[in-house]
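Trainee: Take a look at this one; I'll ask things after.
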């Protein structure tokens, strides 16, 4: 009797431990090998772009936290920048520096979650706990500065919600001081681990050309050797005054994307330190009316978020709420490449590839 | 006179005027009940131990709410599992679904019958003359249960898990059995008590004559295969949480799930106990001068150290991929284990006892 084998369709998610939220991957598998993978999204759709049209400019700030909830500061910032552009608001220098400090701290915390979750995807449980312990320090800093630990609404049109308190400077410096050693610990546990290397090296390869044609951005693109970083290529805030490198890796695989992120954690530490040293005195916010009615017009603002090129396109018709707001979520665009990246790999690699793209479903589905 | 289980039961039966030919079956029954309770106790505290050890390693506290130091936590968990509703998926294959956890648990229990916890016949339920063969035979039964579980669940993830389990367990059975042969060659006996007795004595007055001395490679192979057999990270691909949700036991709940869990942790104790017996001298003390400590403590101590090592590895390493696991087993472990047998042959030939 001949053995008949056939391909099987299997649903990975929306309830699955490793889809990082409510993502459904429709896998076609041949035994353990993935023949085809199709992401099915929309389970977390809340219509946030539409909600913006029914809210005043200030009311919408709270919703910008809820897109990429692991780097809410960056979501706040890009929205604030778009509003400032369309309403021609001048942001005080001190506010710009505080913003940079908070954005970079948020980038560190988001990348720490990535490192932990990526380890967890590969089966290493301990790094997750370690990175969350480190992240806790950043959460404490954020809690001290704005009272919230996840949804900050701290960076607002015109500046920031509150000035940095006096003790905060020391708190951040203490964090900066102990972080390199903690990163060393994670490197020893994960980066140098032989099993980690065989699981991530050469997995989920995407060439630089393909990465560009898929419009990947952020660590996903830089892991394929393309040094594109909005902070350098389309500078905003005070980044031109700060000295930092753009991390790239030429390996084009999961390991490359991982190394880019761990490198970025170190660069962000450098940026935060410089920004702290250069922090000027002055106002922490510009005078912005309670009901903001920017003149009719449109603006596009972009920042380099933890996940890539995060953009906001804002159209104002002169009323108190946006006429249209579009959110260019890097997670959404990066996710499109996953189908090509996992073809021919094993099921276990699918998890690794998905983890290495570091998507946040809040931003994918909006 | 030493107090033995047989002696006590014979005495009781004489008083109660029960025929003497009932003594032997009763002894077996009582012994197996004692072993069963021992397993339950061991498993409960291995789970507690795993959670505590992982807590230490992962910079957190671990269970500390129920009872002093959280000691009653796993008891509470076990009671919760017993009280839980036993859900069976509508499309599941009823009888295989029910039988599978039993097939997995019973062999894990049966292995304990030959493990020598201490010196003499009263510390082992049944000292079979083919002990090692019995162990390797029994340890291969749970695979059937796992495949049955995955198939009967009628869930693709479960099925994938049980396919992986079949591939992994069958492959790692081979190095495990091959690593168990050298101690048999060195001792010239398959009985576990016989193997322990063969490791008596010291070299140069200090070094214990454990088989580990010539079997470092064999011990390493055994421990790696044991990690795979007891389904621990880095070889836990059959229930790989981040990949397969929970593998073959995805659909199981309540007591049936508890049986899988029980078998898994009982297996962890078993493989460590066998390693301690085969390579670390079982219940023998490190040095005869320390023989005032009862043998059973030596045995449990060695076993617990090995379990700690397994848990330590489990909480440190990432997981390998299924094809990497297979190629490691077949291309590295098995050739090394065969080489180790050849080496042991040379040892037996040139350095006879």
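Coordinate-derived values only; no laboratory data. Fair warning: this is a prediction, and the values are worked out from it, not measured in the lab. Glycine gets a Cβ as well: all are built from the backbone with ideal geometry, and neighbour counts include every protein chain shown.
Trainee: Would you work out if segment A:42-171 is rounded, prolate or oblate? Take a ≥ b ≥ c from the square roots of the eigenvalues of the alpha-carbon gyration tensor; rounded if a/c is under 1.5, else prolate when a/b is larger than b/c, oblate otherwise.
Mentor: oblate
Trainee: What whole number of Å gives the distance from the Cα centroid of segment A:146-179 to the Cα centroid of segment B:45-121?
Mentor: So the two Cα centres are separated by 45 Å.
Trainee: Note the angle between two axes, namely the Cα long axis of helix A:347-357 and the longest principal axis of the Cα atoms of chain A, as a number of degrees from 0 to 90, rounded to the nearest 10.
Mentor: Orientation of helix A:347-357: about 20 degrees from the principal axis.
Trainee: Let me ask you something else. I want to verify a result. In a Gaussian network model of chain A, Cα cutoff 10 Å, which of these has the top mean-square fluctuation: A:45, A:20, A:111?
Mentor: Highest fluctuation of the listed residues: A:45.
Trainee: In degrees from 0 to 90, rounded to the nearest 10, what is the angle of the helix A:93-121 Cα long axis to the longest principal axis of chain A?
Mentor: 20
Trainee: Once you place label points 7 Å from the Cα toward the Cβ at residue B:83 and residue B:349, how far apart are they in nm?
Mentor: Taking the simple label geometry, residue B:83 and residue B:349 are separated by 6.5 nm.
Trainee: Can you tell me how much longer the chain between residue B:133 and residue B:37 gets when fully stretched, taken as 0.36 nm per residue apart minus their C-alpha distance, in nm with one decimal?
Mentor: Numbers: separation 96, 0.36 × 96 = 34.56 nm, distance 2.50 nm.
Once the chain is fully extended between residue B:133 and residue B:37, it gains 32.1 nm.
Trainee: Between helix A:126-146 and chain A, what is the angle of the helix's C-alpha long axis to the longest principal axis, kept within 0 to 90° and rounded to the nearest 10?
Mentor: Once rounded, one gets 10 degrees.
Trainee: Also, I was wondering about something else. Using only the alpha-carbon atoms, what does segment A:214-282 span along each of its principal axes? Please give whole angstrom values in decreasing order.
Mentor: 45, 22, 13
Trainee: Label point 7 Å out from residue A:9 along Cα-to-Cβ: which residues of segment A:38-53 have amide N under 13 Å?
Mentor: A:38-40
Trainee: Can you classify chain B as rounded, prolate or oblate using the Cα gyration tensor, where a ≥ b ≥ c are the square roots of its eigenvalues, rounded means a/c under 1.5, and otherwise it's prolate if a/b beats b/c and oblate if not?
Mentor: Oblate, since a/c reaches 1.5 and b/c is not below a/b.
Trainee: For residue B:144 and residue B:61, what does the FRET efficiency come to when R0 = 41 Å and r is the distance between their Cβ atoms, rounded to the nearest 0.05?
Mentor: Approximately 0.55, to the nearest 0.05.
Trainee: Given the C-alpha centroids of segment B:309-349 and segment A:11-81, what is the distance between them in whole angstrom?
Mentor: 43
Trainee: At 10 °C and 1.306 mPa s, what whole-number value in µm²/s does Stokes-Einstein give for the translational diffusion of segment A:320-366, with Rh from the Kirkwood sum over Cα pairs?
Mentor: The diffusion coefficient I find is 131 µm²/s.
Trainee: Once you have a ≥ b ≥ c as the square roots of the Cα gyration tensor eigenvalues for segment A:8-365, tell me rounded if a/c is under 1.5, and otherwise prolate or oblate according to whether a/b is larger than b/c.
Mentor: Oblate is the answer for segment A:8-365, as a/c is 1.5 or above yet b/c matches or exceeds a/b.
Trainee: In nm, to one decimal, how far is the modelled label at residue B:76 from the one at residue A:174, with both set 7 Å along Cα→Cβ?
Mentor: 3.3
Trainee: Please compute the contact order of chain A in relative form: average sequence separation of alpha-carbon pairs under 8 Å and at least six residues apart, divided by the residue count, as a percent. Please report the intermediate quantities before stating the final value.
Mentor: On the way: 743 pairs, mean separation 101.2, N = 366.
Across chain A, relative contact order equals 28 percent.
Trainee: Order these by the 10 Å Cβ neighbour count, fewest first: A:33, B:303, B:344.
Mentor: On the way: A:33 15, B:303 25, B:344 21.
Listing A:33, B:303, B:344 from fewest to most nearby Cβ atoms yields A:33, B:344, B:303.
Trainee: Round to the nearest 0.05 the FRET efficiency obtained for residue B:331 and residue A:90 when R0 = 60 Å and r is the Cβ-Cβ distance. Each step should come with its number before you reach the end.
Mentor: Values: r = 67 Å, r/R0 = 1.12.
Working from the Cβ atoms, E equals 0.35.
Trainee: Return the single residue from A:342, A:246, A:61 with maximal mean-square fluctuation; model: Gaussian network over chain A, springs between Cα atoms under 10 Å.
Mentor: A:246
Trainee: Taking the convex hull of the alpha carbon atoms in segment B:131-242, what volume per residue do you get, in Å³?
Mentor: On the way: hull volume 10.9 nm³, N = 112.
Here the figure is 97 Å³ per residue.
Trainee: Under the definition of partner shielding as Cβ atoms of other protein chains within 10 Å of a residue Cβ, what is the mean value for peptide A:345-352? Mind dumping the intermediate values first?
Mentor: On the way: counts 1, 5, 8, 13, 3, 1, 5, 4.
Average neighbour count from other chains, rounded to a whole number: 5.
Trainee: Calculate the all-directions average of the projected area of the protein assembly as shown's alpha-carbon convex hull, and give it in nm². All intermediate terms of the calculation are to be shown ahead of the outcome.
Mentor: Working: hull surface 158.4 nm².
Spelled out: convex hull of the Cα atoms, projected over all directions, averaged, 39.6 nm².
Trainee: Over chain B, calculate the relative contact order: mean separation of alpha carbon pairs under 8 Å at least 6 apart, over the residue count, as a percent.
Mentor: 21 percent.
Trainee: Another question about this same structure. Taking neighbour Cβ counts within 10 Å as the exposure measure, how do B:287, B:17 sort from fewest upward?
Mentor: Lowest to highest Cβ neighbour count: B:17, B:287.
Trainee: Could I ask something else about it? From the P(r) of segment B:57-111, could you give the percentage of C-alpha pairs in the tail past 17 Å?
Mentor: On the way: 965 of 1485 pairs.
Above the 17 Å cut-off, segment B:57-111 has 65 percent of its Cα pairs.
Trainee: Just rank A:139, A:341, fewest to most, by other beta-carbon atoms within 10 angstrom.
Mentor: Arranged by neighbour count, lowest to highest, A:139, A:341 become A:139, A:341.
Trainee: If you find the alpha carbon centre of segment A:304-366 and of segment B:248-265, how far apart are they in angstrom?
Mentor: Segment A:304-366 and segment B:248-265 have Cα centres spaced 38 Å from each other.
Trainee: Determine one quarter of the surface area of the Cα convex hull of segment B:52-184, which equals its mean projected area, and express it in nm² to one decimal.
Mentor: If I average the Cα hull's projected area over directions, I get 12.2 nm².
Trainee: Roughly how crowded by other chains is peptide A:31-40, in terms of the mean Cβ count from those chains within 10 Å of each of its Cβ atoms?
Mentor: 1
Trainee: Per residue and in Å³, how big is the convex hull formed by the alpha-carbon atoms of segment B:198-310?
Mentor: 106
Trainee: For peptide A:116-124, compute the average count of partner chain beta-carbon atoms within 10 Å of each residue's beta-carbon.
Mentor: On the way: counts 0, 1, 1, 2, 3, 4, 10, 15, 8.
Mean inter-chain Cβ contacts per residue within 10 Å come to 5.
Trainee: Quick one: divide the alpha-carbon radius of gyration of segment B:1-97 by 2.2 N^0.38 Å and tell me what you get.
Mentor: With N residues counted in segment B:1-97, Rg over 2.2 N^0.38 Å equals 1.69.
Trainee: Turning to a different aspect of this structure: Using a Gaussian network for chain B with springs between C-alpha atoms less than 10 Å apart, which of these wobbles most: B:319, B:164, B:60?
Mentor: Largest GNM mean-square fluctuation: B:60.
Trainee: With each pseudo-label sitting 7 Å past Cα toward Cβ, what's the residue B:14-residue A:243 distance in nm, one decimal?
Mentor: With each label placed 7 Å out from Cα toward Cβ, I get 9.4 nm.
Trainee: Using a Förster distance of 35 angstrom, determine the FRET efficiency expected from the C-beta separation of residue A:165 and residue A:197, and round it to 0.05.
Mentor: Working: r = 43 Å, r/R0 = 1.24.
Here the calculated transfer efficiency is 0.20.
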